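Comments concern the structure below.
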Amino acid sequence: MARDGSAYICQICGAVHPKWAGQCTACNAWNSLAEERSGGPPGGLAVSKATKARGLSFETLQSEEVALPRVITGVAEFDRVCGGGVAPGSAILLAGDPGVGKSTLLLQVCASAAARGARCAYISGEEAVDQVRGRAGRMGVSDASVKLAAETSLRDIVDGLKREQFDLVVIDSIQTIWSDAHEAGPGSVTQVRAAAGELVRLAKKRGVAVILVGHVTKDGAIAGPRVVEHMVDAVLAFEGERGYPFRILRAAKNRFGATDEIGVFEMGDSGLREVTNPSALFLNEGGERAAGAAVFAGIEGSRPVLVEFQALVAPSAYGTPRRAVVGWDSGRLAMVLAVLESRCGLGFGQRDVYLNVAGGLRISEPAADLAAAAALASSALDTPLPQDCVVFGEISLSGDVRPVSRMESRLKEAAKLGFGRAFAPAAAAELGSMPVTGVRRLAEAIERIGAANWT
Ligand code: TYD
Ligand code: MG
């Protein structure tokens, strides 16, 4: 049993448990409970003294005030993902792996917004003022009129922000901010929840846009607290593959705009460069797309992603041909091969088959069937797919190509990344967002690949 005034709190989902347990019953995470003491609300553990209720005062739906204009930061990719600039009084969580470039992005955003006349503050709890200055120097934004502070005390930060009016405030990171009203250590759920709650309230009250930086853990959850996710108005995820310069900004939640927008950046020696034509990054890597490659327009979780399926079909040197697959389900590969053999007359009997999903991603969607089949057929028939083509569609055992979920999002993401056509279920052709070579049967798809006929 926990000591007086303390409880066991899941560090992943924030659920409160009176007793320690090996597994959180709310989110099923293992070893995630930690004992935390709470000084009172908003931790919600201590019972506050009864105060007199004041009743509710109701309002109408019509607003008397004109909505404040958005803060346009001038970093166009960032503004678009936010839904056309940052809304005053809103709280945004920018989540990403350590080292992905969150601080770099936000310093750039502050500098750019300040150059357009916004009053910006950058509060770092992780780096000393000189370190931030050094980065600003490398990025060539030293002249920007951004107010800089290195501070971790919530009380001091809130007090400072009450004394001076800002348009945009960056807190880097929420995990380092610490409130003396709570005994739990910095980075714990209690602390992060208290700090985020206070800063979100301040944002609403003073009409200042607050951007909170949050580090994510290995499994993709926002560290310490998912609790912050539902306190804020928007959650932006900043992602990048190790070893590649490109970074993608996605809105995972946005009360002020669409969530299927993405922003693409390239990390260079002098900070992040906006990539206005991302196809350059993804398409021209190896020049012409080789036979055996097909770009799959997929959905990961709630988000669209494009990945390349690479297949190699080669004569087998052994009695039993090899079937090797990386990043996709081997059972699914066996099924697609069987359908290709029995419904399309494409034999793989004495040939080795290798299938690889580029970039280390693992795909589990049935919508990838057609991309895998197209890559396999393209290799077997030695005909490359068009350079600017994406592929998606589910294949049934009867050899039909079936529509999949969120076809419009897939096409939209593909268009955003510079692709110009799709090879997809016939139903996708009616969406009209890009030229689609619609197919109803896998045999028809294979015929088109063999004949390089895309019209
Ligand atoms: P940073 O913004 O500190 O990441 P985060 O705040 O998400 O932890 O970025 C760290 C990485 O970015 C670091 O490995 C160095 C690299 N970087 C560049 O390549 N070029 C630059 O101009 C800057 C400022 C950083
Ligand atoms: Mg940082």
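A few remarks follow.
- Every test in (1) surrounded by 15 or more Cβ atoms within 10 Å (Cβ to Cβ); (2) in contact with a Ser or Thr (Cβ under 8 Å, 6 or more places away or on another chain) is passed by residue 322 save one, and that test is (1).
- All positions within the range 152-180 that are within 11 Å of residue 121 (Cβ to Cβ) and assigned to a helix (DSSP H, G or I): 157, 160, 161
Rundown of residues vs (1) touching a Gly at 6+ places or on another chain (Cβ under 7 Å); (2) more than 28 Å from residue 82 (Cβ to Cβ); (3) at pLDDT below 90; (4) outside the structural domain of residue 85 (by TED's automatic domain parsing), yes/no style:
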| residue | (1), (2), (3), (4) |
| --- | --- |
| 258 | yes, no, yes, no |
| 262 | no, no, yes, no |
| 266 | no, no, yes, no |
| 272 | yes, no, no, no |
| 287 | no, yes, yes, yes |
| 293 | no, yes, no, yes |
| 297 | no, no, no, yes |
| 301 | no, no, yes, yes |
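- A single member of 154, 148, 212 is on the phi < 0 side of the Ramachandran plot and away from ligand 2 (no atom under 16 Å from the Cβ), and it is 154.
- Of 430, 444, 408, 394, all but one fail to be acidic (Asp, Glu) and within 28 Å of residue 77 (Cα to Cα); the exception is 408.
- Residue selected from the range 118-145 under the condition within 14 Å of ligand 2 (Cβ to nearest atom) and small (Gly, Ala, Ser), by the criterion surrounded by the fewest Cβ atoms within 10 Å (Cβ to Cβ): 128
- Any hit, the range 80-96, residues being within 14 Å of ligand 1 (Cβ to nearest atom) and part of a helix (DSSP H, G or I): no
- Checked against the criterion of being in contact with an Asp or Glu (Cβ under 8 Å, 6 or more places away or on another chain) and more than 9 Å from ligand 1 (Cβ to nearest atom), the candidates 153, 145 yield just one match: 153.
- Yes/no for residue 175 being at pLDDT below 95, within 16 Å of ligand 1 (Cβ to nearest atom) and in the same structural domain as residue 102 (by TED's automatic domain parsing): yes
- From the list 202, 212, 106, the one residue that fits, being within 13 Å of ligand 1 (Cβ to nearest atom), under 30 Å from residue 10 (Cβ atoms), aliphatic (A, V, I, L, M) and assigned to a helix (DSSP H, G or I), is 106.
- Selection from the range 374-402 of residues that are more than 29 Å from residue 276 (Cβ to Cβ), of a type outside the set (Asp, Glu) and under 25 Å from the mean Cα position of the chain (by Cα): 393
- Residues of the range 25-70 satisfying the condition of being among the hydroxyl-bearing types (Ser, Thr, Tyr), modelled with pLDDT of 70 or more and in contact with a strand residue (DSSP E or B) (Cβ under 9 Å, 6 or more places away or on another chain): 25, 32
- The one condition from (1) within 13 Å of ligand 2 (Cβ to nearest atom); (2) within 23 Å of residue 73 (Cβ to Cβ); (3) without any contact (Cβ under 8 Å) to a residue 60 or more places away in the chain that residue 172 does not meet is (3).
- Among (1) modelled with pLDDT of 95 or more; (2) under 24 Å from the mean Cα position of the chain (by Cα); (3) acidic (Asp, Glu) - the single one residue 126 does not satisfy: (1)
- Of the candidates 258, 237, the single residue that is in contact (Cβ under 8 Å) with a residue 12 or more places away in the chain and more than 13 Å from ligand 1 (Cβ to nearest atom) is 258.
- Test: residue in the range 181-193 that is among the hydroxyl-bearing types (Ser, Thr, Tyr), in a loop (DSSP other than H, G, I, E, B) and within 16 Å of ligand 2 (Cβ to nearest atom): no
- In the set 86, 71, 75, 109, only one residue is touching a Pro at 6+ places or on another chain (Cβ under 7 Å) and either within 25 Å of residue 251 (Cα to Cα) or more than 16 Å from ligand 2 (Cβ to nearest atom) (or both); that residue is 71.
- With respect to the stated conditions, residue 101 is out of contact with any helix residue (DSSP H, G or I) (no Cβ under 8 Å at 6 or more places or on another chain) and within 9 Å of ligand 1 (Cβ to nearest atom).
The values are calculated or read from the model by the stated rules, or taken from the named source; none is laboratory data. Everything numeric in this text was worked out from a predicted model, so none of it was measured. Here Cβ is always computed from backbone atoms with ideal geometry, including for glycine, and neighbour counts include all displayed protein chains.
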